[in-house]
Amino acid sequence: MAISRRKFLGWMGAAGLGATVGKSAHAASNKHFEGYPDSPGVLHDIVRCVGCRSCEAACNSVNQLPPPEQSFKDLTVLDRKRRTDAKTYTVVNRFETESGGNAPIFVKNQCNHCLEPACASACFVHAFTKTKEGAVIYDESVCVGCRYCMIACPFEIPTYEYDKALTPRVMKCTLCHPRLLEGKLPGCVEVCPTEALTFGRREDLLNIARERIRRQPDRYIDQIYGENEMGGTSWLYIAGTPFRELGKREDLGLTPAPALTAGALGAVPIVVGLWPVLLTGIYAVSQRKDKIAREEQSEAIADAVAASKEDAAAELKKVLAMKEKEKETAINMAVKKALEEAAKAQEEEAAKAQEEEAAEPPQDDPESKPTEEDS
Amino acid sequence: MSDTKATTGGSLFTPFNMVAGLILLVGGAITVLRFTGGLGAVTNLSDYNPWGLWIGFDLLVGVALAAGGYVTSAACYIFGLKRFHSAVRPAILTGFLGYALVVFALHYDVGRPWRLPYPFIVQPGTTSVLFEVGACVALYLTVLFVEYSTAPLEWLGFKRARNLVVKLTLVLTIFGVVLSTLHQSSLGALYLIAPSKLHPLWYSSYLPVYFFISSIIAGMSMVIFEGTMSHKYFHDKMDEAHLKEADGVVLGFGKAAAFLLFGYFVIKLVGLAVDNNWHHLATGWGLWFLVEMLGFVLLPCYLYAVGTRDKNIKMIRRTSLIAVLGIVLNRLNISLVAFNYHLPSSERYFPHWMEIAISLFIVTIGVLVFRFVVTRMPILYEHPDYKDAH
Ligand code: SF4
Ligand code: SF4
């Protein structure tokens with residue numbers, strides 16, 4: 001099996017997103033996007049940097065950023081480590097390392113303008129664009145301010161205007177994109193007095209860097225930082241000491257940021273496609289189970305009802321029979337009684353006739369009635 | 001708030017109401033501060049720590065704990081476990097409230113909240129996991145609203161509309177499960193893009209799976225936990241069916257949660273093995289990781305299992321609290337504790353008291369609205385007019 005899991009997920013991602021959004025498919029594929037051909041970049045030669053902070057001053061002025069608290073001439077700023085912030089797109093830091101003989105080493109830091117930027121792939125309004133001029137630029141007019149780009153950036157570059165209530169922006173170096181469009185150099189590159197910064201085609205810069213390393217192997221370590229880190233960046237660095245001692249992380253890996261989430265995004269169409277089918281299936285099964293249960297139940301009920309009906313019928317018959325019998329006896333009795341009464345009446349009548357014949361009138365009745373009325 | 005009066009039958013100044021009122025007051029004041037002074041005025045967020053408590057707790061924990069809605073309705077309507085029926089409505093209500101509050105809380109956290117619809121109406125960033133989260137949460141909130149709407153419709157007496165919604169139950173449930181699967185897991189996937197910032201013990205390419213599975217556990221445990229609370233405070237509102245089925249719900253979800261917790265523990269180990277992160281266990285971070293894994297995954301797993309075996313309702317109910325706390329711990333570990341683990345302690349984040357106050361404020365609103373609804377609408381009992389409808 002030559003296919004790695006990541007690659008497989010990457011394919012799934014490409015297939016999935018390709019199906020849903022078409023043109024952004026490349027962002028989720030694991031195809032190595034090398035950036036625009038001929039796109040420019042900047043090479044920072046850390047060995048040549050003298051820590052004068054001219055680049056910081058130039059950046060501040062060309063980007064019309066607010067004036068700093070301490071003047072750019074004040075080099076005591078270098079005594080503490082600084083990072084980019086909402087008012088500062090670039091900072092120079094001083095390092096003293098054992099392997100460098102404790103001599104001061106100055107390192108400039110700013111947005112690396114990744115070939116496949118994490119920030120751009122993370123933004124859910126697509127506020128970042130990697131332009132063919134190499135710059136990763138930000139569109140303030142759509143930004144929601146979720147700050148996921150800041151979570152995503154492996155170089156911890158984007159910053160936020162936390163003190164603005166209504167119009168906070170993400171702030172980061174633009175590689176002086178507006179100046180590039182005018183054919184000018186980025187502010188920092190233009191002003192650097194020691195040529196520690198070189199602007200040019202990224203391909204050419206890589207060659208220059210290799211050449212310097214080859215010519216002076218005692219001054220440079222054999223590594224170009226940014227050549228492959230997370231898919232490569234437009235800014236490249238060479239130095240005389242290991243980069244991890246200069247505040248640059250060497251554990252970022254080679255996987256470009258979009259590939260890290262491609263698998264998860266690729267699962268979307270699978271879930272959307274499979275879940276409803278599966279769930280409906282489960283529903284059908286459970287319904288069927290229910291139905292069978294219900295049928296069994298109703299059969300049982302029907303049986304029970306039928307059985308009880310039979311019982312009831314038998315009972316009824318018995319009752320009816322009994323009733324019939326009772327009725328019969330009742331009738332018989334009634335008839336007997338009637339006959340008896342009739343016979344009695346006849347006898348009485350016969351007796352009466354005999355008494356009348358004897359001419360003796362009855363006396364008790366008329367007397368007893370008034371007494372009853374009184375009481 | 002008007003609802004505080006009606007429910008306590010008389011005095012407005014119960015201790016609960018006073019505390020809630022105080023929180024609301026403080027929250028209101030901080031709200032003003034937040035929208036006049038910016039995030040910087042009320043939070044400890046920084047350029048290194050762009051996400052704080054409002055994402056870690058309000059979003060991540062909030063969404064996980066609101067999973068009871070889809071879990072319960074799926075159990076009842078899709079898996080056909082009818083004995084969960086009386087638990088569906090309260091779970092849907094908490095789900096709906098939970099998601100509504102998550103979205104509400106996001107308005108505090110993002111820089112320009114009025115632009116929250118931009119990703120969908122202005123310019124979609126489809127390569128972003130956050131886009132998926134946003135889209136699914138927005139859609140799911142709508143689904144939950146429709147599912148929940150049967151209760152107010154019955155309350156208001158709109159029979160026809162209510163019956164229409166009931167007819168849609170199955171479709172809504174399936175839709176809810178699909179959307180929940182997607183966004184529960186993609187909340188974990190949010191962190192996939194930052195392997196260099198999240199400690200390796202918590203970072204894994206399985207993060208989406210972890211988040212999804214643990215959301216089911218969270219949902220079940222929340223249903224049990226919240227049922228316990230409701231029994232305590234709204235017992236008089238429950239009908240016979242609810243009371244009769246309550247123990248069955250506890251046992252059923254307790255058992256399922258025990259299995260899931262065990263499975264979750266196993267896939268966490270698989271994640272460790274795949275990335276070969278065992279050596280990290282011997283560090284301080286490893287100790288903290290073990291606290292989470294043993295104390296808040298294995299322990300509730302065991303207690304749930306014993307509880308269901310012995311049919312010990314009380315034990316299961318107590319365990320649900322441990323499980324819920326475990327979810328809280330896990331989400332906070334990933335978003336705050338183990339995130340930026342490489343930074344010196346001076347650059348690490350700890351929430352500002354006002355961030356905590358706003359989170360409390362939002363939880364309080366949730367509790368008050370819940371109380372308002374269950375004391376009025378047919379949530380814990382069935383509406384007498386619709387009893388035969390199931
Ligand atoms: S360095 Fe950071 S901010 Fe700059 S392009 Fe790369 S990911 Fe974006
Ligand atoms: S803060 Fe703005 S630019 Fe950054 S990801 Fe969010 S919407 Fe995009």
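Somewhere in region B:139-146, is a residue within 11 Å of another protein chain (Cβ to nearest Cβ), crowded, with 16+ Cβ neighbours inside 10 Å and not in a loop (DSSP other than H, G, I, E, B)? Can you show your working first?
Here is the first cut: in region B:139-146, the ones within 11 Å of another protein chain (Cβ to nearest Cβ) are none.
Checked against the condition, which is being within 11 Å of another protein chain (Cβ to nearest Cβ), crowded, with 16+ Cβ neighbours inside 10 Å and not in a loop (DSSP other than H, G, I, E, B), region B:139-146 yields no hits at all.
As an exercise: evaluate residue A:156 against (1) open to solvent by less than 10 Å² (accessible area, probe 1.4 Å); (2) at the interface with chain B (Cβ under 8 Å from one of its Cβ atoms); (3) within 12 Å of ligand 1 (Cβ to nearest atom) and give the number of the one condition it does not meet.
Answer for residue A:156: the failing condition is (1).
Is it true that residue A:178 is away from every other protein chain (no Cβ under 14 Å), away from ligand 1 (no atom under 16 Å from the Cβ) and within 29 Å of residue A:86 (Cβ to Cβ)?
Values: away from every other protein chain (no Cβ under 14 Å): yes; away from ligand 1 (no atom under 16 Å from the Cβ): yes; within 29 Å of residue A:86 (Cβ to Cβ): yes.
Judged against the criteria, residue A:178 is a match.
Residues to consider are A:139, A:79, A:45, A:74; find the one that is within 16 Å of ligand 2 (Cβ to nearest atom) and acidic (Asp, Glu). Outline the logic, then answer.
Numbers: A:79 fails: within 16 Å of ligand 2 (Cβ to nearest atom); A:45 fails: within 16 Å of ligand 2 (Cβ to nearest atom); A:74 fails: within 16 Å of ligand 2 (Cβ to nearest atom).
Exactly one of A:139, A:79, A:45, A:74 is within 16 Å of ligand 2 (Cβ to nearest atom) and acidic (Asp, Glu), namely A:139.
Which one is least open to solvent (accessible area, probe 1.4 Å), of the residues in region B:147-175 that are within 22 Å of residue B:65 (Cβ to Cβ) and within 10 Å of chain A (Cβ to nearest Cβ)?
Filtering region B:147-175 for residues that are within 22 Å of residue B:65 (Cβ to Cβ) and within 10 Å of chain A (Cβ to nearest Cβ), the one least open to solvent (accessible area, probe 1.4 Å) comes out as B:173.
Residue B:94 is checked against (1) assigned to a helix (DSSP H, G or I); (2) crowded, with 23+ Cβ neighbours inside 10 Å; (3) more than 11 Å from the chain's Cα centre (by Cα); (4) at pLDDT below 95 and fails just one. What number does that condition carry?
(3)
Return the residue satisfying two criteria in turn: it lies in region B:275-294 and is in a helix (DSSP H, G or I) and open to solvent by 80 Å² or more (accessible area, probe 1.4 Å), and of such residues it is nearest to residue B:198 (Cα to Cα). Please lay out each step first, then the result.
Residues of region B:275-294 that are in a helix (DSSP H, G or I), as a first pass: B:278-282, B:284-294.
Still in the running and open to solvent by 80 Å² or more (accessible area, probe 1.4 Å): B:278-279, B:282, B:287-288, B:294.
Details: B:278: 16, B:279: 16, B:282: 18, B:287: 16, B:288: 14, B:294: 21 Å.
This residue is B:288.
Hey, which of the helices (runs of 4 or more DSSP H) in region B:295-390, taking only ones fully inside, have at least 2 residues that are closer than 30 Å to residue A:150 by Cα?
On the way: elements: B:299-309, B:313-332, B:353-374.
The helices (runs of 4 or more DSSP H) meeting that bar are B:313-332, B:353-374.
Return yes when residue A:169 is open to solvent by 20 Å² or more (accessible area, probe 1.4 Å) and within 13 Å of ligand 2 (Cβ to nearest atom) and no when it is not. Break it down into steps so the answer makes sense when it comes.
Working: open to solvent by 20 Å² or more (accessible area, probe 1.4 Å): yes; within 13 Å of ligand 2 (Cβ to nearest atom): yes.
So residue A:169 passes the test.
Results for (1) within 27 Å of residue B:309 (Cβ to Cβ); (2) open to solvent by 50 Å² or more (accessible area, probe 1.4 Å), shown as yes or no for each residue.
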| site | (1), (2) |
| --- | --- |
| B:189 | no, no |
| B:196 | no, no |
| B:203 | no, no |
| B:218 | yes, no |
| B:227 | yes, no |
| B:232 | yes, yes |
| B:239 | no, no |
| B:247 | yes, yes |
| B:271 | no, no |
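With at pLDDT 95 or above, more than 21 Å from residue B:215 (Cβ to Cβ) and not aromatic (Phe, Trp, Tyr) as the only criterion, which of B:325, B:343, B:287, B:336 stands out? Even if it seems obvious, please write down each step before you answer.
Working: B:325 fails: more than 21 Å from residue B:215 (Cβ to Cβ); B:343 fails: at pLDDT 95 or above; B:336 fails: more than 21 Å from residue B:215 (Cβ to Cβ).
Of B:325, B:343, B:287, B:336, the one residue that is at pLDDT 95 or above, more than 21 Å from residue B:215 (Cβ to Cβ) and not aromatic (Phe, Trp, Tyr) is B:287.
Where residues in region B:63-91 are assigned to a loop (DSSP other than H, G, I, E, B) and open to solvent by 10 Å² or more (accessible area, probe 1.4 Å), which of them is nearest to the other protein chains (Cβ to nearest Cβ)? Break it down stepwise before answering.
Of region B:63-91, the ones assigned to a loop (DSSP other than H, G, I, E, B) are B:66-67, B:79-81.
Add one more test, that the residue is open to solvent by 10 Å² or more (accessible area, probe 1.4 Å), and what stays is B:79-81.
Details: B:79: 6, B:80: 3, B:81: 8 Å.
In this case the residue turns out to be B:80.
Residue B:15 versus (1) within 14 Å of chain A (Cβ to nearest Cβ); (2) free of Cβ contacts under 8 Å to residues at least 12 places away in the same chain: which is the lone unmet condition?
(1) is the only condition that residue B:15 fails.
Restricting to region A:134-146, and then to whatever is open to solvent by 10 Å² or more (accessible area, probe 1.4 Å) and either in contact with a Ser or Thr (Cβ under 7 Å, 6 or more places away or on another chain) or within 13 Å of ligand 1 (Cβ to nearest atom) (or both), can you tell me which residue is farthest from the other protein chains (Cβ to nearest Cβ)?
Among those residues, the one meeting the criterion is A:137.
Would you say residue A:285 is touching a residue at least 40 places away in the same chain (Cβ under 8 Å), under 33 Å from the mean Cα position of the chain (by Cα) and within 10 Å of chain B (Cβ to nearest Cβ)? Explain how you work it out, then say what you get.
Values: touching a residue at least 40 places away in the same chain (Cβ under 8 Å): no; under 33 Å from the mean Cα position of the chain (by Cα): yes; within 10 Å of chain B (Cβ to nearest Cβ): yes.
In short, no.
Would you pick out the residues in region B:97-113 that are of a type outside the set (A, V, I, L, M, F, W, C) and assigned to a helix (DSSP H, G or I)?
Selection gives B:98, B:99, B:107, B:108, B:109, B:113.
Show the residue pairs meeting these rules: Cβ distance below 8 Å; 6+ apart or different chains; first residue within region B:36-50 and within 7 Å of chain A (Cβ to nearest Cβ); second residue polar (S, T, N, Q).
These pairs meet every condition: B:47/A:84; B:47/A:159; B:48/B:340.
Do the conditions hold for residue A:83, that is, is it within 21 Å of residue A:55 (Cα to Cα), touching a strand residue (DSSP E or B) at 6+ places or on another chain (Cβ under 8 Å), among the basic types (Lys, Arg) and more than 12 Å from chain B (Cβ to nearest Cβ)? First the steps, then the outcome.
On the way: within 21 Å of residue A:55 (Cα to Cα): yes; touching a strand residue (DSSP E or B) at 6+ places or on another chain (Cβ under 8 Å): yes; among the basic types (Lys, Arg): yes; more than 12 Å from chain B (Cβ to nearest Cβ): no.
Answer is no for this residue.
Return the only residue of A:119, A:173, A:123, A:149 being more than 23 Å from residue A:236 (Cβ to Cβ), within 14 Å of ligand 1 (Cβ to nearest atom) and in contact with a Phe, Trp or Tyr (Cβ under 9 Å, 6 or more places away or on another chain).
Selected residue: A:123, the only one of A:119, A:173, A:123, A:149 that is more than 23 Å from residue A:236 (Cβ to Cβ), within 14 Å of ligand 1 (Cβ to nearest atom) and in contact with a Phe, Trp or Tyr (Cβ under 9 Å, 6 or more places away or on another chain).
For region B:181-215, what are the residues that are small (Gly, Ala, Ser) and facing chain A (nearest Cβ under 10 Å)?
Taking region B:181-215 and keeping what is small (Gly, Ala, Ser), we get B:185-186, B:188-189, B:194, B:196, B:204-205, B:214-215.
Hits for region B:181-215 are B:185, B:186, B:188, B:189, B:194, B:196, B:205.
Kindly indicate whether any position in region A:185-205 is part of a loop (DSSP other than H, G, I, E, B), open to solvent by 20 Å² or more (accessible area, probe 1.4 Å), away from ligand 2 (no atom under 16 Å from the Cβ) and without any contact (Cβ under 8 Å) to a residue 12 or more places away in the chain.
At the first step, the residues of region A:185-205 found to be part of a loop (DSSP other than H, G, I, E, B) are A:185-186, A:192-196.
Imposing the further condition that a residue be open to solvent by 20 Å² or more (accessible area, probe 1.4 Å) reduces the set to A:185, A:192-195.
So of that shortlist, the ones also away from ligand 2 (no atom under 16 Å from the Cβ) come out as A:185, A:192-195.
Next, only the ones that are without any contact (Cβ under 8 Å) to a residue 12 or more places away in the chain stay: none.
Within region A:185-205 (the criterion being part of a loop (DSSP other than H, G, I, E, B), open to solvent by 20 Å² or more (accessible area, probe 1.4 Å), away from ligand 2 (no atom under 16 Å from the Cβ) and without any contact (Cβ under 8 Å) to a residue 12 or more places away in the chain), the answer is no, since none of the residues qualifies.
Regarding residue A:269, is this residue touching an Asp or Glu at 6+ places or on another chain (Cβ under 8 Å), touching a residue at least 40 places away in the same chain (Cβ under 8 Å) and either surrounded by 12 or more Cβ atoms within 10 Å (Cβ to Cβ) or on the phi < 0 side of the Ramachandran plot (or both)?
On the way: touching an Asp or Glu at 6+ places or on another chain (Cβ under 8 Å): no; touching a residue at least 40 places away in the same chain (Cβ under 8 Å): yes; either surrounded by 12 or more Cβ atoms within 10 Å (Cβ to Cβ) or on the phi < 0 side of the Ramachandran plot (or both): yes.
It is false that residue A:269 is touching an Asp or Glu at 6+ places or on another chain (Cβ under 8 Å), touching a residue at least 40 places away in the same chain (Cβ under 8 Å) and either surrounded by 12 or more Cβ atoms within 10 Å (Cβ to Cβ) or on the phi < 0 side of the Ramachandran plot (or both).
Identify, from the list B:365, B:316, the residue that is in contact with a Leu (Cβ under 8 Å, 6 or more places away or on another chain), closer than 20 Å to residue B:68 by Cβ and open to solvent by 20 Å² or more (accessible area, probe 1.4 Å). Full working, then the answer.
On the way: B:316 fails: open to solvent by 20 Å² or more (accessible area, probe 1.4 Å).
Checking each option against the conditions leaves just B:365.
The values are calculated or read from the model by the stated rules, or taken from the named source; none is laboratory data. Not measured: the values here are computed from a predicted model. No Cβ is skipped: glycine too gets one built from the backbone with ideal geometry, and neighbour counts run over all protein chains shown. The accessibility values were calculated without ligands, DNA or RNA, using every heavy atom of the protein model including side chains. Shrake-Rupley method; radii C 1.70, N 1.55, O 1.52, S 1.80 Å.
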